[in-house]
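*Asks:* Dropping the structure in here first, questions after.
Every number here is computed from the coordinates shown, using simple stated rules; none is lab data. A quick note: this is a predicted structure, and the numbers were derived from the prediction, not measured. Positions of Cβ are generated from backbone atoms using ideal geometry, with glycine treated the same way; all protein chains shown enter the neighbour counts.
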Amino acid sequence: MKSKLFFILFLLGCTLSGYAQLGIKAGVNLANEIKSFSRQDLQESFSSKNLTGYQIGLVYQAMPKKSGLGVEVGALLTQKGSTFTFSDSANIADVISQGYTELNYFEVPLNLRYRLTLGFLGVYGFGGLYAGYAMTGKVVDEITNIVENETFSSFTERLDYGLNFGLGVEVFNKIQLGATWSQGFKNTAGTNEYLPEPTTSTNRVFSVNLVYLFK
């Protein structure tokens, strides 16, 4: 209890003594679903690659005016998923299905940030936690042209959470260009039953983003 109280007071102290700014964040995601299967032949037959998606929303940063430690919280719409190929394990050239999965999340990141200012230019790094909630999505089979839509009510595993960290550069305390890497801890296999017998599925995302901060 004492440690939780200390952490809350620390965050409040950073917020009150810092320089708070609200900003718009937009970027491009390279997302992948890391899957493992209960059967070895399915594991060997399945492969996935990055899916290009989007990220957009608001961020609130409480940072010292020059350099130091601060906090950031966001409210983002972010797209995750992957492209996939599932083949016959006896004959890899005989493709059974090929396509992609798109999952649209509402996500809230909470990060600790450290910024070093060098004149009009600054560099920063951050790390923290995120929690996301899947709202819509779809699975597209490019071989059969079948689209399976996921709706808010059809998801069985909507929650996602994990770690994220990144770094970037800042110009004139207004424009930030950064890169973020996030790794989910939650098994989200229930959100996609298109592939047979998934044992686990976790989200991994690399994103490049641009933030514009209002004074």
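*Asks:* For residue 20 paired with residue 120, estimate the spin-label separation in nm (one decimal), with each label point 7 Å from Cα along the Cα-to-Cβ line.
*Replies:* Placing both labels 7 Å along Cα→Cβ, they lie 2.9 nm apart.
*Asks:* Filter the cross-link list 80/138; 25/49; 25/174 down to pairs whose alpha-carbon distance in this structure exceeds 18 Å. Intermediate values should be presented prior to the final figure.
*Replies:* Numbers: 80/138 11 Å; 25/49 25 Å; 25/174 12 Å.
Table pairs above 18 Å Cα-Cα are 25/49.
*Asks:* Turning to a different aspect of this structure: When the chain is fully extended, how far beyond the present Cα-Cα distance does residue 200 get from residue 161, taking 0.36 nm per residue of separation?
*Replies:* This chain segment gains 12.6 nm when fully extended.
*Asks:* While we're here: Under a plain spin-label model, where a point goes 7 Å from the Cα along Cα-to-Cβ, how far apart in nm are residue 69 and residue 49?
*Replies:* Going by the 7 Å Cα→Cβ label model, 4.3 nm.
*Asks:* Which FRET efficiency value, to the nearest 0.05, do you get for residue 181 and residue 149 by plugging their Cβ-Cβ distance into 1/(1 + (r/R0)^6) with R0 = 30 Å? Could the numbers behind the result be given before it?
*Replies:* On the way: r = 29 Å, r/R0 = 0.98.
Approximately 0.55, to the nearest 0.05.
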